[in-house]
Structure formats: C-alpha cells, structure tokens
Amino acid sequence: MYKAAAAVICMCLLAGCQSNEKMQTNKPHSQAAANHAKRENHHTKEEKQKKQKAEPRYYINPKTFSVEKMDEQKEKKTIALVTIDDAPDQHAAEIADKLHDLNASAIFFVNGHFLKKDENKKALKHIHELGFMIGNHTMTHQNLKDLSEQKQREEIIGVNKAVEKVIGEKPAFFRAPFGSNTDYSDRLIKKEGMVKMNWTFGYDWDQKYQSKKALTDITLSSPYLRDGANILMHDRKWTAEAMPDIVNGLRHKGYTVIDPRAIKRP
C-alpha cells in the first residue's frame with residue numbers, strides 16, 4: 001500500500017515537472033507570438049498612415065517642376081522634395097537607411113541596367129520595403145532626344161517591367177536623363193500613369209561639391225532653395241555622407257521634407 005502511494009506521489013511530481021517544463025518551453029513561444037502580433041499591429045498602423053498620406057496634397061508644376069500645394073489656405077508650411085537619381089548603384093540603400101532613420105521621405109529614380117545584378121535587385125527591394133517611392137530614370141541613361149520612338153519606348157517601358165518584377169509595382173514617377181524629354185516620352189509616361197519630374201536645383205554632380213561639407217553648404221545656402229524646392233541628388237558616396245546634415249539643415253531652416261505619396265498622380 002505504501003509502495004502504491006509512493007508511486008502515485010512520484011507520478012504526480014513527475015507530471016508536475018513535465019507540466020512546468022512545458023509551460024517554460026511554451027513561454028518564449030508565447031512571447032514571440034506577442035512580439036509578432038505587436039509588429040503586425042505596428043505594420044498595420046504604418047499602412048494606415050501611408051493610406052492617409054496618399055490623399056493628394058501637392059502637385060508638380062509642369063513648367064518649373066517645383067512642388068506646389070493644392071490648397072494654400074490649409075497649408076502654410078515651407079516644403080521641399082528630396083529625389084535620388086541613378087539608383088540602385090552603390091550607395092542608394094545606405095542613403096535610404098539614413099533617410100529612414102531621419103523619418104524623411106524621398107523618391108529613388110532607377111536606371112534599369114543596375115537591376116541586372118542580384119545585389120542591386122535586393123537593394124531596390126530593401127529601399128521599397130522601407131517605404132520609399134520609386135521612379136523611372138530609363139534603362140541606360142541616354143538622351144531621349146537622340147533616340148527613335150521605339151528606342152525611347154524600350155528605355156522607359158523596360159524599366160517599368162524590371163522594377164515591377166522586383167517590387168511588385170511600377171514606378172510612379174519619371175525623370176528623363178539630363179531633363180531631356182520629348183513629345184513621345186511625354187505621351188508614353190502619361191499613358192503609363194507616371195508623373196513627369198525634373199528638378200529645381202541640385203549640385204552633387206558638380207566636382208566642386210563632391211564632398212560632405214561642400215555639398216551640404218551649397219545645398220543649404222543655394223539661392224534656389226525656396227518653398228517647393230525639388231532637390232536633385234544622386235547615388236554617390238558624398239551624397240550619402242551629406243544626407244543627414246542636409247535633411248537636418250532643411251528642417252532647421254523650417255522646411256518640411258514631404259512624402260511623395262501625397263503628390264497628385266495621373
């Protein structure tokens with residue numbers, strides 16, 4: 001009888017230990033599930049915020065290519081748009097990370113020939129997943145005015161297809177190399193639902209400003225820096241280095257770096 005009782009007690013203790021072990025084993029999984037749910041909830045909030053920002057509040061002036069407010073009475077803030085050309089070459093993902101850390105938006109304009117490399121496809125996907133808008137900067141960066149209509153179509157549609165294959169959607173904006181558009185390219189990008197985009201100023205292509213300090217100083221002191229500025233920059237080392245100081249400097253001067261999702265599209 002005593003042996004039987006002892007056996008029952010041992011079985012209960014063993015069951016209790018196993019139950020305790022099971023609870024301890026399940027605890028991390030429960031915590032992981034909670035963390036996952038938290039991230040999902042945060043993701044949902046971000047998506048809602050993006051949808052809220054999607055309502056058009058600005059448009060691109062077709063003559064000056066500055067960013068104009070759609071309702072002057074509602075918005076008195078001074079605005080600027082950041083745009084990055086020739087992506088994703090070597091520094092676009094780094095620039096995107098820095099902008100993301102600064103909670104600043106931008107458009108990254110893609111040259112299609114960069115997407116021949118898997119590492120650049122990953123960079124583009126990373127940029128898009130961070131929430132940045134993607135633009136079309138043609139396949140091989142040629143002057144469209146030197147090309148036949150068929151070649152122009154290949155340069156433009158080729159990028160749309162390549163980008164869509166990587167991120168699941170076509171570019172929302174188009175910027176012609178050298179700002180050189182044609183009547184045919186204008187008709188084509190309108191048909192494709194893209195916003196025609198040039199710029200109001202930019203300096204990082206100029207050898208005089210290819211350092212962090214020089215680029216920051218000229219960008220923030222430019223006579224072209226005014227309400228609605230459409231700032232042209234490129235996938236370059238010095239641009240990546242200067243980006244935090246440029247964004248912080250713009251904000252210090254009272255500029256809001258706008259989310260391009262709020263720009264009216266066709």
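Each value in this text was obtained by applying a stated rule to the coordinates, not by laboratory testing. Just so we're clear, the structure is a prediction, and the values are computed from it rather than from any experiment. So basically every Cβ, Gly included, is an ideal-geometry build from the backbone, and we count neighbours across all protein chains shown.
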### Summary
Over all Cα pairs of segment 58-209, the Kirkwood radius sets Rh, and Rg/Rh then becomes 0.96
### Query
So how do 85-95, 151-161 stack up, highest first, on mean other-Cβ count within 10 Å?
85-95, 151-161
### Query
Under the Karplus relation 6.51 cos²θ - 1.76 cosθ + 1.60, θ = phi - 60°, what is the ordered set of whole-Hz ³J(HN,Hα) values for segment 151-168, x standing for Gly and Pro?
5, 4, 4, 4, 5, 8, 5, x, 5, 4, 5, 5, 5, 4, 5, 8, 10, x
### Query
Once fully extended, how much extra length lies between Asn143 and Lys116, figured as 0.36 nm per residue of separation less the alpha-carbon to alpha-carbon distance?
7.6 nm
## Note on the structure
Note, segment 108-124: 3J(HN,Hα) by Karplus (6.51, -1.76, 1.60, θ = phi - 60°), whole Hz, Gly/Pro = x, goes 9, 8, 9, 8, x, 5, 5, 7, 6, 9, 4, 5, 6, 5, 5, 5, 5
#### Entry: Simple spin-label estimate for Arg251 and Glu154 in nanometres, 7 Å along Cα-Cβ
4.5 nm
### Task
Give me the distance between the Cα centres of segment 187-243 and segment 61-105, rounded to whole Å.
9 Å
### Query
How high is the relative contact order of segment 67-170, given as a whole-number percent (alpha carbon pairs under 8 Å, six or more residues apart)?
25 percent
### Task
Return the long-range amide H neighbours of Leu232 (sequence gap of 5 or more, or a different chain), with a cut-off of under 5 Å between placed amide H atoms.
Thr200, Phe201, Gly202
#### Entry: Hz values of 3J(HN,Hα) by residue in segment 80-88 - Karplus curve (6.51, -1.76, 1.60), Gly and Pro given as x
8, 10, 9, 10, 10, 9, 6, 9, x
